[in-house]
Amino acid sequence: MKRGHLKKRIGSLLLALAMIVTSFPVLSTEVQAVEAKTSGTGPSVTAFAEKDQLMTVFKPDKNGNSDTIGKLAFGKNEGNEVQNWYILGKDEGVDGANTVLFAAGPIETNQMFNTQSDQTYTPAANTGYTDTSSVTVYANHYGASMIYMDLDAIAKVSYYFAEAEQGLMNETTVKTNDPKNNVDYTTTTKLYALTTDDSGSSYIKAGSSDQIVLAREKYWNSGSAFWLRAPVTSHGSSMFLASPNRNVYTSLVNLTNAEVPAFSLNLSSVLFASAAEASSSETAVAETIADGKAMTLRLDGTGKAIGTVIYNEAAGKIEAQKDANATGTVSLVVQGNDGTNDWYYSVQAGETTVVTEEQIKTACSLSGEIDLADCKIWLETPAENGRVAYATKMAKTKKTIDAVALTGVKPAGGSAFPVKASCGTEGVDANSLAVTYTAKDTSGAATGTAEWNTAYQAGLTLAAVDLGSTVYVFGDSVSVTVDGETAQNVKLNDDGILTVTKDFTTAKRKITGISAPTVPSSNVFADYYTAENVLSNTNRELGKTAMLTLEGSTSPNTVNVDVAWTLVNGGSAAYNAAPGAGNTFRWTIAAVPIKEYDASGCTGYDTEAGTISGTVTISNKAATPVTITGDNQTLNFDGSTIDVSKYFTIDTNAGIRSYSLVQDTGVTGEGNLSGAVLTVTKPGVFQVKLTTAANGNYAAGEKTITLTVNYSSGAVTLAPGKTVVRECEGFICIFQIIIAKGVDKIWQSTG
């Protein structure tokens, strides 16, 4: 569509621009896309790029090079061919999500920059000029050039860019030098020419601040020479050109060269770009995507009727369904990579369309295995010109949940019932984990605090999540564990909701401490007992109950339980009732009173018998002392024997009595003691000790008194056989009276 006469072509463009009407058909291509997962072998970024990748992945470095070169098909050129553009990344000088596009070939050819004469230029306000009425500029002034007007018109004419495409083109403000007036001025258009630093350079620049450097070897190494907007400051009729063969060089403005512009693409409504093509017939299309093939935009068509597509991961198949309200053809597109080449598969979608991995492998002649979870999958309807599409990301990966693990459900005695379960299973809706409880014995709702050792039923109604890109469903035979235990009842309802019930019995309340029954102070009985009554009810010194301390803060915190006492002397020895003797006793809490509690951690717990016991050794009360008193005596010896017992006062509880003479210092008397009778053979001092044996609970006793027996100095009544001892003038005289029948005779002997 080349038009030879410059004025005629520009006039045609302006006329076409003026004839644009609001009835221009809006492109109807709509897409539903899904990425099941990002791992594995997905499409190359040069064949499928998300919005953020369009802004970041393809950006050249400061030397004008990029390891990843991407192209986008957008609009048409003068020959009615799809125009391809290099993707250059986000322009920070332009608001919103955007990426800069640089034409990969001329959009126009044989375009004169300007006539050689000076031009009258009327600048817009705030563009760098102080006088905005008009100003005379050189022929190489970009703002007054035919190139500037032509690019501005092209961006607004539907022949080049459809209405939907025009709406995606941002205006960009760039700065250019006016050498005649020594002014740096700005222009704001959608399409703009690039600039350069100087003649001979192998770099040109794009972007609102000329910040994007493009190396010739990467971005303009073929095709025709094209106009730049940078003027030659030393010659008002010369401009810079970019030539694949000559780098940057100068040219007179009245010569014809190509137009290779750049613009900022608005990405706010873009979902992704793809080099795949949708099938336009009932025949499936499957192709390998050639390296360097330009991608096509898919825009956000939220609210438009297309259909639904689900990747059933468990079955390894894609399930697509055209919306009943969709207009035009709806096509299913699957795009992937076999590890070497990008490929795509597309087929029209009907009321129900199923595509398997095997179908795609066969159609695309793929020898290796493919994983649909690594692919990009969507639905779309073809656009009017196939250059742009409206899309909604509604396609889903369908994943089946075959097992659910719930935790935090089992109630604990003395604690509040859990209100929400925890679930580590992918795909279960976190908002559906509420738990309700029913008391098994009453079938009533259980709320508040759970009792110990009580049966409850927990109930849950679980839903699977729909994440937009992935939809989860419960399998027909899904299993559910609740706190590690299999749920009794799992029901998958028609609406896909899972009803789960699980019975629990709360643990027994733990006994955390035991206060043993009371025993006598210092483990010594205060009373005396016999074998018959030591363990009888009359013994009030052995406590009848033990106190148990229970876990938690729920009242009661303690409970008293009865104990039974038994004698457990070593060797099964009988009770030793002797005062001071020790006996070992065992107290035992029977199994029945504590069967509702958990006594497993208690000292003395018998796991087989279910009892708790402890032992204590208790000594009998010491023997009661007896009271024995006695007074010292002074006696005159008259020869008679002396009954020493009458000089002692003896406790009636005392045991057997025995008397003895104590031989000790100070003892001067002589004699012998028989029982309690003292026979003195020599008057003097005697010490007499009374000893009483222990008597039952009474202790042995003793008392020693002193008897002083003096010689008799008075008259003595003589009696037959009586011996009288006297001291006679320094001699001891012993007299014995013998009275014989009919004869009175006195024998006298001297000592």
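State all residues of segment 176-189 that are of a type outside the set (Asp, Glu) and either assigned to a strand (DSSP E or B) or buried (at least 21 other Cβ atoms within 10 Å of the Cβ) (or both); if no residue qualifies, say none.
Correct list: 176, 177, 183, 185, 186, 187, 188, 189.
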Requested in this report: Enumerate the pairs (first residue in segment 267-293 and without any contact (Cβ under 8 Å) to a residue 40 or more places away in the chain and in a strand (DSSP E or B); second residue anywhere and of a type outside the set (Phe, Trp, Tyr) and surrounded by fewer than 20 Cβ atoms within 10 Å (Cβ to Cβ)) with beta-carbon separation below 7 Å, excluding pairs fewer than 6 apart on the same chain, so at least 6 apart or on different chains.
Outcome: none
**Report entry** Residue in segment 491-511 that is farthest from residue 450 (Cα to Cα), counting only those that are of a type in the set (Val, Ile, Thr) and surrounded by fewer than 20 Cβ atoms within 10 Å (Cβ to Cβ)
**Finding:** 497
Query raised in the report: Among the strands (runs of 3 or more DSSP E) confined wholly to segment 637-699, which include 2 or more residues that are surrounded by 13 or more Cβ atoms within 10 Å (Cβ to Cβ), of a type in the set (Val, Ile, Thr) and out of contact with any Lys or Arg (no Cβ under 8 Å at 6 or more places or on another chain)?
Result: 677-682, 684-692
Report summary line: Among (1) within 26 Å of residue 238 (Cα to Cα); (2) crowded, with 22+ Cβ neighbours inside 10 Å, residue 173 falls short only on (2)
Query raised in the report: part of a strand (DSSP E or B) and either touching a residue at least 40 places away in the same chain (Cβ under 8 Å) or within 30 Å of residue 367 (Cβ to Cβ) (or both): does that describe residue 233?
Result: no
Query raised in the report: List pairs: first in segment 115-126 and acidic (Asp, Glu), second assigned to a strand (DSSP E or B), Cβ under 8 Å, 6+ apart or cross-chain?
Result: 118/136; 118/137
Query - Among (1) assigned to a strand (DSSP E or B); (2) surrounded by fewer than 17 Cβ atoms within 10 Å (Cβ to Cβ), the one test that residue 583 misses - result: (2)
Query raised in the report: Regarding residue 532, is this residue more than 30 Å from residue 696 (Cα to Cα) and either out of contact with any His (no Cβ under 7 Å at 6 or more places or on another chain) or modelled with pLDDT under 95 (or both)?
Result: no
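Can you pull out every residue in segment 240-251 that is of a type in the set (A, V, I, L, M) and either modelled with pLDDT under 95 or out of contact with any Ser or Thr (no Cβ under 6 Å at 6 or more places or on another chain) (or both)?
Keep residues of segment 240-251 that are of a type in the set (A, V, I, L, M), which gives 241-242, 248.
The answer is 242, and nothing else.
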Query raised in the report: How many residues does segment 251-292 contain that are buried (at least 17 other Cβ atoms within 10 Å of the Cβ), more than 18 Å from residue 364 (Cβ to Cβ) and hydroxyl-bearing (Ser, Thr, Tyr)?
Result: 3
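The values are calculated or read from the model by the stated rules, or taken from the named source; none is laboratory data. Since the structure is predicted, the reported quantities are computational estimates derived from the model, not experimental observations. Please note: Cβ atoms are built from the backbone with ideal geometry, for glycine as well, and neighbour counts cover all protein chains shown.
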